[in-house]
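Enquirer: Dropping a structure here in structure tokens format, bear with me for questions.
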Amino acid sequence: MKLKLNGWDLNIVFSSCHFLAEHNKCSRLHGHNYGVHLTLEGDVDKTGLVMDFVVLKRALNEIIDDLDHKVMLPGNSPVTKVVIEGDQVTADSGAKHYSFPLEDVVILDLDAISAENLAYFILQRMKTIIDLPDNIHAIGIGVDEGKGQGAWIWEKL
Ligand SMILES: [Zn+2]
């Protein structure tokens, strides 16, 4: 059995900005409305459920709360140097130098802030937040950069 949560329909959505170093257009700071989706593959348990939707939605919302209305910066980039200096964060990317208030920034342990990497990040966070029961066989996370384009990651458990 497969469970599906559609972030656009459930308002599991966040609005944040990013840039992709060395990309022609996307190297300029810009924003997206991101929609986050989830699929679970598993067996129906004795209560008739694969897993409680409420628990899954709560966890996804907890994760995106940390990202919403933030400047997302890559903490592990080979080309963008991100440094916390007091209450400011600087990001140097090629000839570009950005400085942001620390409270407006979230630094993620990723090498780039792409939909692909955000899907990976959210999947890892889901596995730490939720104790997935034994009847779950696979989990998938999708992240859309606006409606109609996104990246999915699946993991067998
Ligand atoms: Zn973008």
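Taken together, the values in this text are just the output of simple stated rules run on the coordinates, not laboratory data. On a predicted model such as this, the values are computed, not experimentally measured, just so you know. Every residue, glycine among them, receives a Cβ derived from its backbone with ideal geometry; neighbour counts consider all protein chains shown.
Enquirer: Can you give the Rg/Rh ratio of the chain, where Rg is from the C-alpha atoms and Rh is the Kirkwood radius? Mind dumping the intermediate values first?
Expert: Working: Rg = 17.0 Å, Rh = 16.5 Å.
Ratio value, two decimals: 1.03.
Enquirer: Still on this structure, I have one more. Quickly rank 36-48, 87-99, 113-125 as a protection proxy: mean count of other C-beta atoms within 10 Å, highest first.
Expert: So the peptides 36-48, 87-99, 113-125, ranked by packing, come out 113-125, 36-48, 87-99.
Enquirer: Then there's this: Note the angle between two axes, namely the Cα long axis of helix 115-129 and the longest principal axis of the Cα atoms of the chain, as a number of degrees from 0 to 90, rounded to the nearest 10.
Expert: Helix 115-129 and the main axis of the chain meet at about 50 degrees.
Enquirer: How high is the relative contact order of the chain, in percent, counting Cα pairs under 8 Å that sit 6 or more residues apart?
Expert: Computed over the chain, the figure is 26 percent.
Enquirer: About the Cα centre, and with charges only on the beta carbon of Lys, Arg (+1) and Asp, Glu (-1), how big is the dipole of the chain? Nearest 20 debye, please.
Expert: Dipole of the chain, to the nearest 20 debye: 400 debye.
Enquirer: Here is a follow-up. Answer rounded, prolate or oblate for the stretch 94-140, using the Cα gyration tensor with square roots of eigenvalues a ≥ b ≥ c: rounded when a/c is under 1.5, else prolate when a/b is larger than b/c, else oblate.
Expert: Values: a/c = 5.38, a/b = 2.43, b/c = 2.22.
Cα axes put the stretch 94-140 in the prolate bin.
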